[in-house]
Amino acid sequence: MRVYVVDNGGQWTHREWRVLKYLKVETKIIPNTTPFEQIGQVDALVLSGGAPDVASEAGRMGNNGEYIDKADFPILGICAGMQFMATHFGGSTGPAVRAEFGRTRLYVDVEDQLFQGVPREFDVWESHNDEVKVVPEGFEVLAHSDTCQVEAMRSLRRPLYAVQFHPEVENTEHGMDIFRNFLRAVEEWHR
Amino acid sequence: MAPLRDELRKPLSDALGKRRRDDTLESAVGREVRRVGLRYQDYLDIMEAVRVVSRKDKLDPWKAAQALLEQQ
């Protein structure tokens, strides 16, 4: 399986790559300015987190929009990747009710593919000032925290998944399981 | 690449005219497409037409969109 990580400038992009490598996936980090046609044959993409405030600096997200438009394979958006996905489909983001930095309790609302086999509550690692305010049409919210209503979402029409927290960080409980679940979804998609 | 269908020109033109600070062209076009009740496939058709011009003429998406409207 080949899953590339799109680098949106986040501090943990390298960790996302490392987790995929650990899970024995062929992977590499690609700049978010890579033209879609140059990505080649992949089974999925991970849109990394990033520093940009996507609500006001979406231009720094490079070709993420084209990837989302053209991909006929699963995509996982993390943090800024999730926020971009939300705005790309007509949702909106804005300053968080309370910015989340560090350990945060996650409550799983829908035990979708992404959260199969993990507890209904567990701690995750967060690092965000902004959050999704309006969920785009056709997306379902999968999880929330005490201060953030949209901690995870997925498209009901396409294999697009997104998490606000950072499953690639060791401090996120069950982070590896979430990545495994995503890869399982990728496998099933291509079957 | 076939020319942009007539009914897709207006949302593209409106997207250019109503550009918000640091909008991506995709966000702006998506907004206008939804506003007039067109489909996601219509959005994809517009964006692909723009991207073809952008790649061919090495223009940023906004300039490519302008050039596309002026071409037809």
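Numerical summary
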{"item": "Check on residue A:132, part of a strand (DSSP E or B), more than 22 Å from residue A:12 (Cα to Cα) and under 15 Å from the mean Cα position of the chain (by Cα)", "result": "no"}
{"item": "Within the range A:1-96, helices (runs of 4 or more DSSP H) holding 1 or more residues that are modelled with pLDDT of 95 or more and more than 16 Å from the chain's Cα centre (by Cα)", "result": "A:13-22, A:36-39, A:64-70"}
{"item": "The one condition in (1) within 12 Å of chain B (Cβ to nearest Cβ); (2) farther than 21 Å from residue B:25 by Cα that residue A:90 fails to fulfil", "result": "(2)"}
{"item": "Test set (1) surrounded by fewer than 22 Cβ atoms within 10 Å (Cβ to Cβ); (2) of a type outside the set (Lys, Arg); (3) out of contact with any helix residue (DSSP H, G or I) (no Cβ under 7 Å at 6 or more places or on another chain) - residue A:126 fails condition number", "result": "(1)"}
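Residues checked against (1) within 13 Å of another protein chain (Cβ to nearest Cβ); (2) in a helix (DSSP H, G or I); (3) out of contact with any strand residue (DSSP E or B) (no Cβ under 8 Å at 6 or more places or on another chain); (4) surrounded by 15 or more Cβ atoms within 10 Å (Cβ to Cβ):
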residue: B:4; (1), (2), (3), (4): no, no, yes, yes
residue: B:11; (1), (2), (3), (4): no, yes, yes, yes
residue: B:14; (1), (2), (3), (4): no, yes, yes, yes
residue: B:23; (1), (2), (3), (4): yes, no, yes, yes
residue: B:28; (1), (2), (3), (4): yes, yes, yes, yes
residue: B:38; (1), (2), (3), (4): yes, no, yes, yes
residue: B:42; (1), (2), (3), (4): yes, yes, yes, yes
residue: B:45; (1), (2), (3), (4): yes, yes, yes, yes
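The values are calculated or read from the model by the stated rules, or taken from the named source; none is laboratory data. Note that the coordinates shown come from a computational prediction; the quantities given were computed from them, not determined experimentally. Cβ coordinates were reconstructed from backbone atoms using ideal geometry, including for glycine residues, and neighbour counts include every protein chain displayed.
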